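Student: Here it is: the structure, laid out below.
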Amino acid sequence: MTGRKRLRVLFVCTGNSARSLMAEALLRQRGGDAFEVFSAGTEPKGVNPLTLRVLAEAGIDASWARSKSVSEYLGQPFDYVITVCDQARQACPVFPGEHESLHWGYEDPAEAQGSEAERLAVFRRVFVALSERIGQFVTLAARQPA
C-alpha cells in the first residue's frame, strides 16, 4: 500500500476488555503498516486476563493493550468505526466526519459462565470468528481506492 495513507480504524465495544481488544490486536497483526488501529469501550472495564491468554496462544504480543474510553477518541478522524457488540452500537457516540460505520455483533466472552476452561473456550471461539472477519476486512480495505 505504498503511497497510500494509513486507514484509521476504531473498534468499539462496551467494556473494551475482550472483543474490541482482540479485533485491534488482529488488525494490527494482519494489517501491518496499512492501518492505524485503536479500540475503546463505552464503559471500559479493564483488560480481561483471558483476552491476553488467547492473544498469547495465537502468538500476538499484547503488551500495549489497555482498556480505554471512547471519549479519548472523540474529535479524531477515522476511516472506519466498527462496533463489535450490540450494546456498544446503541451507546456509541457519533464520530464526526466522513467514515464508514460497521457493526460486527459478537457474544461477550467476558460474560461467559462456568469453569475457566469453559470460559476460555468462549474467548477462543470469539477470537476465531473475529480472526476470520479481520482477514476479510483487510482484503476488502486494501482494494479501496486511495
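Student: I'd like to know if segment 21-38 contains one or more residues that are touching a helix residue (DSSP H, G or I) at 6+ places or on another chain (Cβ under 8 Å), at pLDDT below 95 and within 25 Å of Glu111 (Cα to Cα).
Tutor: Checked against the condition, which is being touching a helix residue (DSSP H, G or I) at 6+ places or on another chain (Cβ under 8 Å), at pLDDT below 95 and within 25 Å of Glu111 (Cα to Cα), segment 21-38 yields no hits at all.
Student: Right, next: Give me the residue from segment 76-90 that is at pLDDT below 85 and open to solvent by 30 Å² or more (accessible area, probe 1.4 Å) and, out of that set, nearest to Ala129 (Cα to Cα).
Tutor: At the first step, the residues of segment 76-90 found to be at pLDDT below 85 are 85-90.
Still in the running and open to solvent by 30 Å² or more (accessible area, probe 1.4 Å): 86-87, 89-90.
Values: Asp86: 16, Gln87: 19, Arg89: 19, Gln90: 22 Å.
Among those that are at pLDDT below 85 and open to solvent by 30 Å² or more (accessible area, probe 1.4 Å), it is Asp86.
Student: Then there is this: Got a number for residues in segment 98-134 being without any contact (Cβ under 8 Å) to a residue 12 or more places away in the chain, surrounded by fewer than 17 Cβ atoms within 10 Å (Cβ to Cβ) and among the hydrophobic types (A, V, I, L, M, F, W, C)?
Tutor: 3
This table checks each residue for (1) in contact with a helix residue (DSSP H, G or I) (Cβ under 9 Å, 6 or more places away or on another chain); (2) modelled with pLDDT under 85; (3) aliphatic (A, V, I, L, M).
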| position | (1), (2), (3) |
| --- | --- |
| Cys92 | yes, yes, no |
| His99 | no, yes, no |
| Trp104 | yes, no, no |
| Phe123 | yes, no, no |
| Phe127 | yes, no, no |
| Leu130 | yes, no, yes |
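Student: Quick one: in segment 17-42, of everything that is polar (S, T, N, Q) and touching a residue at least 60 places away in the same chain (Cβ under 8 Å), which residue is most open to solvent (accessible area, probe 1.4 Å)? Show your work before the answer.
Tutor: If we filter segment 17-42 for residues that are polar (S, T, N, Q), which is where we start, we get 17, 20, 29, 39, 42.
Next, only the ones that are touching a residue at least 60 places away in the same chain (Cβ under 8 Å) stay: 17, 20.
Details: Ser17: 16, Ser20: 0 Å².
It comes out as Ser17.
Student: Inside segment 104-146, can you point out the residues that are among the hydroxyl-bearing types (Ser, Thr, Tyr) and outside any helix (DSSP H, G or I)?
Tutor: Of segment 104-146, the ones among the hydroxyl-bearing types (Ser, Thr, Tyr) are 106, 115, 131, 139.
If the condition is that a residue be among the hydroxyl-bearing types (Ser, Thr, Tyr) and outside any helix (DSSP H, G or I), then Tyr106, Ser115 are the ones that fit.
Student: What are the residues in segment 39-66 that are modelled with pLDDT under 95 and among the polar types (S, T, N, Q), if any?
Tutor: Correct list: Thr42, Ser63.
Student: Something else: Consider Phe137 against the criteria (1) over 24 Å from Gly31 (Cα atoms); (2) open to solvent by less than 50 Å² (accessible area, probe 1.4 Å); (3) at pLDDT 95 or above: it satisfies all of them except one. Which criterion is unmet?
Tutor: The number of the failed condition is (1).
Student: For the list (1) of a type in the set (S, T, N, Q); (2) touching an Asp or Glu at 6+ places or on another chain (Cβ under 6 Å); (3) under 17 Å from Glu132 (Cβ atoms), I need the number of the one condition that Gln29 fails.
Tutor: Going through the list (1) of a type in the set (S, T, N, Q); (2) touching an Asp or Glu at 6+ places or on another chain (Cβ under 6 Å); (3) under 17 Å from Glu132 (Cβ atoms), Gln29 breaks only (2).
Student: Give me the residue from segment 43-63 that is assigned to a loop (DSSP other than H, G, I, E, B) and open to solvent by 70 Å² or more (accessible area, probe 1.4 Å) and, out of that set, nearest to Thr14 (Cα to Cα).
Tutor: Going through the qualifying residues, I end up with Glu43.
The values are calculated or read from the model by the stated rules, or taken from the named source; none is laboratory data. As the structure is a computational prediction, the values presented were derived from the model and not from experiment. All Cβ positions, even for glycine, are placed from backbone atoms using ideal geometry, and neighbour counts span all protein chains on display. Quick note on the areas: whole protein, heavy atoms, side chains included, nothing else; ligands and nucleic acids left out. Shrake-Rupley method; radii C 1.70, N 1.55, O 1.52, S 1.80 Å.
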